[in-house]
Number of protein chains: 2
Amino acid sequence: MAADWSNELRTKNLKATPNRVVVLETIAGNNAAMAYSKIQSDLSQLDRVTLYRTLNSLVDNGLIHKVLVEENEAFYATCSSNCSSEEHHHQHVHFRCTNCKEVTCVSSQPINQLEIPGYLVQNFEIQATGVCNLCL
Amino acid sequence: MAADWSNELRTKNLKATPNRVVVLETIAGNNAAMAYSKIQSDLSQLDRVTLYRTLNSLVDNGLIHKVLVEENEAFYATCSSNCSSEEHHHQHVHFRCTNCKEVTCVSSQPINQLEIPGYLVQNFEIQATGVCNLCL
DNA sequence: TATTAAATGCAACATTGTTGCATTTAATAT
DNA sequence: ATATTAAATGCAACAATGTTGCATTTAATA
Ligand SMILES: [Mn+2]
Ligand SMILES: [Mn+2]
Ligand SMILES: [Zn+2]
Ligand SMILES: [Zn+2]
């Protein structure tokens, strides 16, 4: 959603390189979470290793977050809330539609804190599958 | 929990082969969910491809379930409830301890159904991270 | 014991992810 | 503007993960 990714990057103490900006623009330009393979094919001119390092760096610094929905296909989406290298806060559901296969961040409702007796819960994430609003 | 995996396999219309039984025993013998790499090293005499096919088959037929907690490391645990090839029901939390790195299925509390307006939620899963009861 | 569809082992392949290192570049100071 | 420097990049090489095809073996059934 942020317009100026360069400033956003510098805020997180990351160098605002053209590679990083185009990766952020690509992910943010997708309405759903974006599969790694799609990012790679959309940015085929970008070195594969650099893309991996860029994605890891952006996740580590709270600019994007990673969603694992199925084996060997990671999805990425920009962070909406104020995430940092310290912690990601994603009080929303990652919904995967079994029909259109899209993975969307559903932030319609705030998720209340999860309590597990005897455990210290520091972070949690809900992954749901079913049929999305567009496919119903 | 099941003692006789051979019968369990036949119930699901799967041939009760020694390979499948030993894979089930291995996973069930681990108190936490078991990383793929650990299963493989524990059963090093078993062909790698056969192990992949066995795990997929057991997941597909509701004997074990797969937990994705971090990239490129799938974890497996036996199904406690009555899962089938039709659907897996896991109304429990998959908890990953940041200290001991164990992944456990926490079924202390029944999870109420997840409601998302405009969406048909068919299944959902909660993944939490923090410090487990043993490490606190 | 015979039959047969499923399971297995092996080879070959494809994808995903990592590491080392020389070169380039963004940010900062001069 | 220019110099400095730590970070980022591109490339090669490697390691791990996962898939497919096919000949052989085997569990289940007749
Ligand atoms: Mn998210
Ligand atoms: Mn579980
Ligand atoms: Zn859909
Ligand atoms: Zn622990």
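The values are calculated or read from the model by the stated rules, or taken from the named source; none is laboratory data. Just so it is clear, the model here is predicted, and its values are computed rather than measured. Positions of Cβ are generated from backbone atoms using ideal geometry, with glycine treated the same way; all protein chains shown enter the neighbour counts. Side chains included, ligands, DNA and RNA excluded: accessible areas come from the protein's heavy atoms. Shrake-Rupley method; radii C 1.70, N 1.55, O 1.52, S 1.80 Å.
A few points about this structure:
- Residue in segment A:59-69 that is of a type in the set (Lys, Arg), out of contact with any Pro (no Cβ under 6 Å at 6 or more places or on another chain) and closer than 26 Å to B:Val69 by Cβ present: yes
- Listed by position, the strands (runs of 3 or more DSSP E) contained in segment B:92-134 that have at least 3 residues being free of Cβ contacts under 8 Å to residues at least 60 places away in the same chain and within 16 Å of ligand 1 (Cβ to nearest atom) are B:120-131.
- Looking at B:Val69, B:Val59, B:Val22, just one residue is part of a strand (DSSP E or B), surrounded by 13 or more Cβ atoms within 10 Å (Cβ to Cβ) and of a type in the set (Val, Ile, Thr), and that residue is B:Val69.
- Verdict on B:Thr54 being open to solvent by 20 Å² or more (accessible area, probe 1.4 Å) and in a helix (DSSP H, G or I): no
- Residues of segment B:25-49 that are more than 22 Å from B:Cys105 (Cα to Cα) and surrounded by 16 or more Cβ atoms within 10 Å (Cβ to Cβ): B:Leu43, B:Leu46.
- Any chance B:Cys79 is on the phi < 0 side of the Ramachandran plot, more than 10 Å from every other protein chain (Cβ to nearest Cβ), more than 16 Å from DNA strand D (Cβ to nearest atom) and touching a Leu at 6+ places or on another chain (Cβ under 7 Å): yes
- Filter result for B:Ile111 (at the interface with another protein chain (Cβ under 7 Å from one of its Cβ atoms) and either touching a strand residue (DSSP E or B) at 6+ places or on another chain (Cβ under 8 Å) or open to solvent by less than 50 Å² (accessible area, probe 1.4 Å) (or both)): no
- In summary, A:Leu120 fulfils each of the numbered conditions (1) more than 10 Å from chain B (Cβ to nearest Cβ); (2) closer than 25 Å to B:Thr104 by Cα; (3) open to solvent by 40 Å² or more (accessible area, probe 1.4 Å) with the single exception of condition (1).
- Extreme residue, nearest to ligand 1 (Cβ to nearest atom), among residues of segment A:5-15 that are within 15 Å of A:Ile64 (Cα to Cα) and in a loop (DSSP other than H, G, I, E, B): A:Lys12
- Complete set of residues in segment A:86-123 that are within 16 Å of ligand 4 (Cβ to nearest atom) and modelled with pLDDT under 85: A:Asn123
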